[in-house]
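A.B. asks: There's a structure below that I have some questions on.
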Amino acid sequence: MKQELLNLKEKLKKVFIPAYLQEMEKMAKREDPLGFKVLSNTLDKVVVKKIQEINEENVKLYNLQDRIYAFIRWYYQHIEPKNAINIYSNDLINFIEKMAVWYELRYPDYEIDKKVHYGKVTKQINEVMFGSQNPYIDKNFDQNSDVRIIDWDAFYNTRTFMNGLTKYEASFLKRPKYQEIVYWEKNRSAHLHLTSKGHIERSEYMDCVVPGISNKDLEGLHIKTAVDWLKERDAVFPENCELVEAIRDYENAVYAKEELLNCVMYRILERGGNRIGPRRAFLFAKEFQRNIDIPLKYGLDTSDPNLRLFVNEYLKAGGFQTLECYTNYFSRKNDSSKLDTMSIERFLQLKEINGKIFYTEEESALHQRLVNVINSQIPVEEIHVLEETNEEKIKRLRIERKLEKARNRVNQ
């Protein structure tokens, strides 16, 4: 009977598993306008399948969703290899989504409109949350109450968001730390006491396992410096030496936190779409010290009438005109569609604000001020000394460079 059961099991494998995989493959190819699969038991397996299919070549592709899946795969390979089953529960995907939604609630579309490209504002978030548009506020607080002057984005800040997380969720963003004690060899006595940043506070019995050194030689060094110093002295490191593992674990934790925040930015881009997404992601990048190039790289929507204003905000924040961007990323037919690229510099040469002029209102005002100075009888140097602040000087120099470029283009 046992043999018969084994034979039946083999037959089921041959019939069921190929059919199951074929169905999973079909489901994986279906369009998913929200960017993530619906969280059901069956579709969770599709997400896992996509994560498992990500490789080094895929990571180099431009697709935002693939970047997120690549990180999730890396996370369960390097941070929680023993808990890889958590992929099925979508813990990491859920947290990325939760943080992206928090930022969306903190900066709704009409606030993005006001903060990034100065378009027409139809609402005020402070009025919605703490003013007459909130029935609870209107009923319980008079018109002179201090609650009515609260700034929503400052109120719903990062610390507030973090305090509302479960302990498990908060662990995704915890500050990386070195472990307090690392052993030269597991279950042996030689070890180092480390600070949270990896500096050696005390060395014990290391002189017994590495000939020719003293414990004092290591104290005060960073663990990475100490490991390099020991290697230079031809120290024979045991297999699975905790000194080396501690460095690897810390660096992995740093990467995990940094890349998790990047994935939140990618998801903010996806959720917001072709115009709001890049602008909200740009705010997120500035606040969380992400790469501000990413929102512009995916945000070059050539049909956007206010794109020139957005590009100007990027350049003022320290962006580069040489940045190559995907044109109309969100308008592609499918994930495999080829995208053309265009540099910011090329865009500035081609894209007008309203079909007539190449300068924003801010640039035009600076331009006019420069013209007034040139036309006046007062020496330019004296005007600068009497009136110009350091910030104004920077703006003036920027517009002068742009005017010079414009003249060169005309002469060519």
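The values are calculated or read from the model by the stated rules, or taken from the named source; none is laboratory data. Here the structure is a predicted model, which means the values were calculated and not measured. Backbone-built Cβ (ideal geometry, glycine too); neighbour counts: all protein chains shown. Ligands, DNA and RNA are excluded from the accessible area calculation, which covers all protein heavy atoms including side chains. Shrake-Rupley method; radii C 1.70, N 1.55, O 1.52, S 1.80 Å.
A.B. asks: Would you please name the residue that is nearest to Phe288 (Cα to Cα), looking only at residues in the range 130-153 that are within 29 Å of the chain's Cα centre (by Cα) and open to solvent by less than 60 Å² (accessible area, probe 1.4 Å)?
C.D. replies: Asp153
A.B. asks: On the given criteria, is Lys216 surrounded by 14 or more Cβ atoms within 10 Å (Cβ to Cβ) and among the basic types (Lys, Arg)?
C.D. replies: Answer is no for this residue.
A.B. asks: Another question about this same structure. Quick check on Phe288: is it surrounded by 22 or more Cβ atoms within 10 Å (Cβ to Cβ) and either closer than 24 Å to Ser171 by Cβ or not aliphatic (A, V, I, L, M) (or both)?
C.D. replies: In short, no.
A.B. asks: Next question, about the same structure. In the list Ala226, Ala246, which residue meets the criterion of being of a type in the set (A, V, I, L, M), open to solvent by less than 40 Å² (accessible area, probe 1.4 Å) and in contact (Cβ under 8 Å) with a residue 60 or more places away in the chain?
C.D. replies: One residue alone meets the criteria, Ala246.
A.B. asks: Residues that are closer than 30 Å to Lys224 by Cβ, within 12 Å of the chain's Cα centre (by Cα) and at pLDDT 90 or above, at least 3 per element: which helices (runs of 4 or more DSSP H) completely within the range 250-324 meet that?
C.D. replies: none
A.B. asks: Then there is this: So which of Lys297, Lys316 is open to solvent by 60 Å² or more (accessible area, probe 1.4 Å) and more than 30 Å from Leu218 (Cα to Cα)?
C.D. replies: Of the residues listed, the single one that is open to solvent by 60 Å² or more (accessible area, probe 1.4 Å) and more than 30 Å from Leu218 (Cα to Cα) is Lys316.
A.B. asks: Regarding Leu173, is this residue hydrophobic (A, V, I, L, M, F, W, C), within 30 Å of Thr158 (Cα to Cα) and touching a Leu at 6+ places or on another chain (Cβ under 8 Å)?
C.D. replies: yes
A.B. asks: Output the residue which, of all residues in the range 171-196 that are open to solvent by less than 30 Å² (accessible area, probe 1.4 Å) and hydrophobic (A, V, I, L, M, F, W, C), is farthest from Asn90 (Cα to Cα).
C.D. replies: Selected residue: Ala190.
Every residue, every condition in (1) of a type in the set (S, T, N, Q); (2) at pLDDT 75 or above, yes or no:
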position	(1), (2)
Glu57	no, no
Lys60	no, no
Arg67	no, yes
Ala70	no, yes
Trp74	no, yes
Ile79	no, yes
Ile85	no, no
Asn90	yes, yes
Phe95	no, yes
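A.B. asks: Which count do you get for residues in the range 154-163 that are within 21 Å of the chain's Cα centre (by Cα) and open to solvent by 50 Å² or more (accessible area, probe 1.4 Å)?
C.D. replies: Final tally of qualifying residues: 5.
A.B. asks: Shifting gears a bit: For the range 229-243, name all the residues that are without any contact (Cβ under 8 Å) to a residue 40 or more places away in the chain and open to solvent by 70 Å² or more (accessible area, probe 1.4 Å).
C.D. replies: Hits for the range 229-243 are Lys231, Glu232, Arg233, Asp234, Val236, Glu239.
A.B. asks: Considering only residues that are under 21 Å from the mean Cα position of the chain (by Cα) and in contact (Cβ under 8 Å) with a residue 60 or more places away in the chain, look in the range 325-350 and name the one that is surrounded by the fewest Cβ atoms within 10 Å (Cβ to Cβ).
C.D. replies: Selected residue: Asp335.
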